[in-house]
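For reference, the structure is listed below as structure tokens.
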């Protein structure tokens, strides 16, 4: 939001109330509940086990945010909420995002104080640095929520990426840290001769196999369970795709899961998904593939090229 008046600045100052109300609605499944059947405030309070007065104030906040509206005393989602929330991601994905946001709110709740604290504000608040990968290894339910959420989040990126990659001569690819396989499936639909192996931790691979569906391309995708930093990778690939994983250390690239063909950086893609208000979220991906007739890029060069930006880029 770009404030153009004092009233808008005041609205921005009150934004934490609307944000908290939205997060609660997502976590509790309110939009899906009243989309199936419009309900009165007392009925919503009863269904969600919320005291009536508190529920009424919560619904007012959501109504002010143009996310719900009441007709004849019955609440239902607005058209905006339906298109941007219900039709965008699955309910479980939104609930996961809301839950994660709730965990971060402790840091911003007293931001003025936390900004001036010496040392780590996270340590002062007793917030441990999360090892998300380790948590998902031990918690299949977390792995399921995260993988399904990321599938929804990555779907538009996969649609943008698929026509950009140069796939000449590529018949077998590895999707490193590919989770649900959403990027592989987008490429498989465009290239009938292509097969893909998604490499991820076991709990995530199990979710990916469950989610894959029954399209023609699903017979050409498989999952290989491995922590790709600590375990051996399968080999014999013409292309390795790593997207929105952000692990580009030399120890990874020395594993060399490519075929015996010349290997080099095919492209480093940046996908800019512009949001309202000219905000851009950049997601970095790396595809290492065949580059016929050129000097093979040595494994040690790849991370430094990515870090320095000297690798070939295509910007959108």
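The values are calculated or read from the model by the stated rules, or taken from the named source; none is laboratory data. The structure presented is a predicted model; accordingly, all values stated were derived computationally and were not measured. Using ideal geometry, Cβ is built from the backbone for each residue, glycine included, and neighbour counts are taken over all protein chains shown.
Would you be able to tell me the number of residues in region 193-210 that are in contact (Cβ under 8 Å) with a residue 60 or more places away in the chain and crowded, with 17+ Cβ neighbours inside 10 Å?
Matching residues across region 193-210 total 6.
Would you please list the contacts, defined by Cβ atoms under 7 Å and residues six or more apart or on different chains, that run from a residue in region 105-129 that is in the same structural domain as residue 16 (by TED's automatic domain parsing) and more than 18 Å from residue 15 (Cβ to Cβ) to a residue that is surrounded by 10 or more Cβ atoms within 10 Å (Cβ to Cβ) and at pLDDT 70 or above?
Partner pairs satisfying both residue conditions: 121/114; 124/117.
Based on this model, can you work out whether residue 28 counts as buried (at least 16 other Cβ atoms within 10 Å of the Cβ), within 18 Å of residue 90 (Cα to Cα) and in contact with a helix residue (DSSP H, G or I) (Cβ under 8 Å, 6 or more places away or on another chain)?
So residue 28 fits the description; yes.
Scan region 243-264 and give yes if some residue there is assigned to a strand (DSSP E or B) and modelled with pLDDT of 55 or more, otherwise no.
There is at least one residue in region 243-264 that is assigned to a strand (DSSP E or B) and modelled with pLDDT of 55 or more.
For residue 180, work out the one condition from (1) more than 20 Å from the chain's Cα centre (by Cα); (2) part of a loop (DSSP other than H, G, I, E, B) it doesn't fulfil.
(1)
So which residues in region 66-95 are in contact (Cβ under 8 Å) with a residue 24 or more places away in the chain and assigned to a loop (DSSP other than H, G, I, E, B)?
67, 73, 88, 89, 90 - these are the residues of region 66-95 that are in contact (Cβ under 8 Å) with a residue 24 or more places away in the chain and assigned to a loop (DSSP other than H, G, I, E, B).
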